[in-house]
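Encoded as structure tokens, the structure appears first; notes follow it.
The values are calculated or read from the model by the stated rules, or taken from the named source; none is laboratory data. All of these numbers come straight from a predicted model, not from anything done at the bench. Here the Cβ positions follow ideal geometry from the backbone for every residue, glycine too, while neighbour counts run over all protein chains shown. Heads up: the accessible areas ignore ligands, DNA and RNA and are worked out on the full protein's heavy atoms, side chains in. Shrake-Rupley method; radii C 1.70, N 1.55, O 1.52, S 1.80 Å.
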Amino acid sequence: MMELNFEWIPLQPYNNAELDQAQQELHHALQFIALSGKYLLTTKADDSNTNAGWDEKSNSFIGRLIGDKLHVALYAAAFQLQVLNKEHEVLYRLSLDKKTVFECFLWLKEIFRQEGISTRNLELGLHYELPEAFSKDRRFRMPSFELLKELSFHRTNTDRMLKSVKKQTDNASEIRTWPHHFDHALLIPIEIGAKGEILRSCGLGYAINDDLISEPYLYVNRWSKNSGLKFTDKPKLKHGSWYPEKLKGAALPFSKIINAEKQDQVVGEFISNVLNFSLNN
């Protein structure tokens, strides 16, 4: 049984609609990291050139190194687009509030030009669709500081929990935020084929409001290439619920965490119980 050890920042109640709007603003702002990775870095089979890490010290999403010298970052707590050097020092910053997508794109493109990075291939076009269209005329609106701070805590808490899981596994993936679904996640291969391909895996992380649950939630799910997944022996959950069909796993809504007396204990029990089942079935 996996025993998790992580420090959890207590979370506060929030208005769902207001939090969703703030989440959407951050989701769209993260696309500048994705665009930079897609058009200025070598394409990876899993699209990982477009994803970002989370840095809790700066409350920022940070993209991969471009041109061996720059990172594009989103300072979530202040709603700023930033360009960092290799040491993660801020070189340039732009407040996103009231700026259009196109204005931000031109700003970023000019920074690359000044720093000697070719933007010949850089385009303002995603290779996937977001729930709300990512159009050049979309104008960013800065959410309240309280909401931005709370969403930063969501990411930091998840990142700490995932790091605790990663320490106890031998071959877990990087912990990254993916720009398409805006999830912050980790993948654990369970079975590897003769050619090094993944045959079975387990994923876990943080998801935003979607068709499954209308608020942020933590999840653990399974994937198998060669056979169906069985849930007949799944354990009963004190916290969270199973979604065998839609998720192929279980989920814990953040409202259930926030309403708990010991938030970290609820998260630890949920992740440990579902992960133990998922890794062994």
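Every helix of 4 or more DSSP H residues in the chain counts as -39500 (n - 2.57), and over all residues that averages to -10000 deg cm²/dmol at 222 nm. Along the axis of the charge dipole computed for the chain (Cβ charges of +1 for Lys and Arg, -1 for Asp and Glu, origin at the Cα centre), the listed residues A22, F140, Q82 are led at the positive end by Q82.
Loop-located trypsin sites (Lys or Arg not before Pro) in the stretch 165-232 (DSSP state other than H, G, I, E, B) with a sparse environment of at most 12 neighbouring Cβ atoms within 10 Å: K195, K225, K230.
Between the stretch 85-137 and the stretch 36-71, what is the C-alpha centre distance in whole Å? Their Cα centres are 13 Å away from one another.
Write out the GluC sites (Glu not before Pro) in the stretch 244-281 meeting two conditions: DSSP loop, and at most 12 other Cβ atoms within 10 Å of their Cβ. Here the sparse-neighbourhood loop sites are E245, E261.
Let's see if you can work this out: charge +1 on each Lys and Arg Cβ, -1 on each Asp and Glu Cβ, no other charges. What is the dipole magnitude of the chain about its Cα centre, in debye to the nearest 20?
Dipole size: approximately 460 debye.
Charge tally around L40: other residues with Cβ under 11 Å, Lys/Arg +1 each, Asp/Glu -1 each, net +3.
Bridgeable aspartates and glutamates around K238 (alpha carbons under 20 Å apart, same-chain partners fewer than 8 residues away excluded): E3, E215, E261, D264, E269.
Under a cut-off of 16 Å between alpha-carbon atoms, report the lysines in cross-link reach of K109, not counting same-chain residues fewer than 8 places apart. Straight-line reach from K109, under 16 Å: K38, K69, K99, K136. How high is the FRET efficiency between D97 and E123 when r is their beta carbon distance and R₀ equals 30 Å, given to the nearest 0.05? Computed FRET efficiency for D97 and E123 comes out at 0.75. A simple spin-label model places the labels of L106 and L65 3.3 nm from each other, with each point 7 Å out along Cα-to-Cβ.
Carbon and sulfur atoms: what percent of the 1.4 Å accessible area of the chain do they account for? Of the solvent-accessible surface of the chain, carbon and sulfur hold 46 percent.
Estimated translational diffusion coefficient (Stokes-Einstein, Kirkwood radius over Cα pairs, 25 °C, 0.890 mPa s) of the stretch 78-141: 187 µm² per second. What shape does the stretch 206-281 take by its C-alpha gyration tensor, where a ≥ b ≥ c are the square roots of the eigenvalues and a/c under 1.5 counts as rounded, a/b above b/c as prolate, and the rest as oblate? Verdict is oblate for the stretch 206-281. For K230, a cut-off of 14 angstrom between C-alpha atoms picks up these aspartates and glutamates, skipping any fewer than 8 places away in its own chain: E245. Post the alpha-carbon centroid distance, the stretch 258-281 to the stretch 189-226, in whole angstrom. Result: 16 Å between the Cα centres.
The residues of the stretch 30-77 expose, per residue, 36 Å² of accessible area to a 1.4 Å probe.
Once the Kirkwood radius over Cα pairs is known for the stretch 24-116, the Stokes-Einstein relation at 4 °C and 1.567 mPa s delivers a diffusion coefficient of 99 µm²/s. Of the cross-linked pairs K57/K86; K195/K225; K225/K248, which ones have a Cα-Cα span greater than 19 Å in the structure shown? Result: no pair exceeds 19 Å.
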